[in-house]
């Protein structure tokens, strides 16, 4: 089973995405009616847009905000725990 990510709405068009431990891994942004994943990571204290553990999923699109479906898609290549 894929890791269940947490989705936390920030406003009408942006949803923060977190790993189970609470680490932020990106945002989902509503662009032209589609939710697009924007990966992010950190190098020290510096934010790296498009980086982090879900870099390979940067710009992946979703039709609906469904945590289970999004988690399965974004974490599909994640090694088993």
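Quick one: if you stick a label point 7 Å off each Cα along the C-beta vector at residue 11 and residue 42, how many nm between them?
About 2.3 nm separates the two model spin labels.
Among 18, 37, which comes first, second and so on when ranked by fewest other beta-carbon atoms within 10 Å?
Least crowded to most crowded, the residues run 18, 37.
Give me the orientation-averaged projected area of the Cα convex hull of the chain, in nm², one decimal.
Computed as one quarter of the Cα hull surface, the answer is 5.3 nm².
Tell me, 25, 14 in order of fewest to most beta-carbon neighbours within 10 Å?
Fewest-to-most ranking of 25, 14: 14, 25.
With the chain treated as a Gaussian network of Cα nodes joined by springs under 10 Å, which of 13, 44, 21 yields the largest mean-square fluctuation?
Greatest mean-square fluctuation among the candidates belongs to 44.
Below 8 Å, C-alpha to C-alpha, sequence gap of six or more: please give me the relative contact order for the chain in percent.
The value is 26 percent.
Just to confirm my numbers, what's the Cα centroid distance between the range 57-71 and the range 8-27 in Å?
Taking the Cα centre of the range 8-27 as reference, the centre of the range 57-71 is 12 Å away.
Please give, to one decimal in nm, the separation of the simple spin-label points placed at residue 18 and residue 62, each 7 Å out from Cα toward the Cβ.
Going by the 7 Å Cα→Cβ label model, 1.6 nm.
With springs connecting C-alpha atoms under 10 Å apart, model the chain as a Gaussian network and identify which of 19, 47, 28 has the largest mean-square fluctuation.
47
Just so you know, all these numbers are worked out from the coordinates, no wet-lab data involved. Computed from a predicted structure; not experimentally measured. Positions of Cβ are backbone-derived with ideal geometry, glycine not excepted, and every protein chain shown enters the neighbour counts.
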